[in-house]
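*Asks:* Take a look at this one; I'll ask things after.
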């Protein structure tokens, strides 16, 4: 039996294979729905959310952040980067939670959609953040800069080995597309957000066709919507997860 | 901050009289420079002593420009600082008020000042 969330240290390594770096924010004692936030590929880490939307969401919800395998301070195995591998990791991270919401950016959104389909009784809400849908594939550059700055010699000395030494790219390219049919298989309330200047904006039409217009929102920003529209995205997540402002109530609220 | 380390705490209501020999009072305010030194020490623990050996980490040291820390390393530093200073230092509430540019421009001195402010309340 895992201990309840509020007795776990705020930052901890989750044992197992691979070991995962997990971080918690906010308090678990208020009865609000826990929110698990998943970052995007390569330049992403739990810091992507930690530095942007997570502290704002944590005012209303207990938040769980973790580094996807191969990223941040989680272990970087040589192989095993299929979506099912990421789902196994998410299952470990959420083992102590009965029900939770998922917020996923990009690759984290793919994982979240698959998790919502796989665990319909536990994933209570889903927020996708600029998730590539329907055939548009992310261009996977394996050395994208960190949002806090491009690496200099000092950082390169510390982190010589990255995802290019793993099967990450091949595993992701082997993955079946997450598309309209995937979204249609999600039963929980869903909000899909996109950046107006993102290469994945076409996904907004796909999501609208699958889920209806109220489930889709477009913000000013690019693919890194959490960086470009931090306040708006945070507010949209909190509003969407608030029981009184679920999408079905939106029309009556004006 | 170049105050001599023997200077008494500022006029905090109810503060006990300062004693120059009072080295370790866990419930009291840290001495000037003490928090900066702790932040510098934990930076070394987070990114590796060998990578900071050639640096003189002080209040003006920038996490991104000087230390070239990755964002995830900044998270790890915040975790270490949280463990060291406890719940009185609420990094999450602070973060919620900061923009990304504030984090990119963050210095050791600014983090130390935030911690000192929390500890003095």
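Nothing in this text is a laboratory measurement; each read-out follows from the coordinates by a stated rule. Keep in mind that what you see is a predicted model, and the values were worked out from it rather than measured. As a convention, Cβ positions derive from the backbone with ideal geometry for all residues, glycine included, and neighbour counts pool all protein chains shown.
*Asks:* For the stretch A:63-137, what class follows from the C-alpha gyration tensor (a ≥ b ≥ c being the square roots of its eigenvalues): rounded when a/c is under 1.5, otherwise prolate if a/b is larger than b/c, else oblate? Don't jump to the answer; show the numbers that get you there.
*Replies:* Values: a/c = 1.64, a/b = 1.08, b/c = 1.51.
Oblate.
*Asks:* Would you mind ranking B:85, B:74 by Cβ crowding within 10 Å, fewest neighbours first? Walk me through the numbers on the way to the answer.
*Replies:* Values: B:85 17, B:74 25.
Arranged by neighbour count, lowest to highest, B:85, B:74 become B:85, B:74.
*Asks:* Return one quarter of the surface area of the convex hull spanned by the alpha-carbon atoms of the stretch A:12-131, equal to its mean projected area, in nm². List each step's numbers first, then the result.
*Replies:* Working: hull surface 26.6 nm².
Spelled out: convex hull of the Cα atoms, projected over all directions, averaged, 6.7 nm².
*Asks:* If you don't mind, there's one more thing I want to ask. For the stretch A:7-83, restrict the atom set to alpha-carbon positions and state the Rg and Dmax in Å.
*Replies:* 12.8, 40
*Asks:* Provide the convex hull volume over Cα atoms per residue for the stretch B:24-76, in Å³.
*Replies:* Working: hull volume 5.1 nm³, N = 53.
So the per-residue hull volume is 96 Å³.
*Asks:* With 10 angstrom as the radius, rank A:102, A:163, A:73 by how many other C-beta atoms surround their C-beta, starting from the fewest. Display every interim value, and only then the final one.
*Replies:* Numbers: A:102 27, A:163 18, A:73 24.
The most exposed by this proxy come first: A:163, A:73, A:102.
*Asks:* Please report, to two decimal places, log10 I(q)/I(0) for the stretch B:48-121 at q = 0.13, 0.19, 0.28 Å⁻¹ as given by the Debye formula with identical point scatterers on the Cα atoms and no solvent.
*Replies:* Listed by q, the Debye log ratios stand at -0.39, -0.84, -1.57.
*Asks:* Taking R0 as 30 Å, what FRET efficiency do you get between residue A:162 and residue A:87 from their Cβ-Cβ distance, rounded to the nearest 0.05?
*Replies:* On the way: r = 23 Å, r/R0 = 0.77.
With a Förster radius of 30 Å, E is 0.85.
*Asks:* Hey, could you pull the Cα Rg and Dmax for the stretch A:58-104, both in Å?
*Replies:* 12.1, 38
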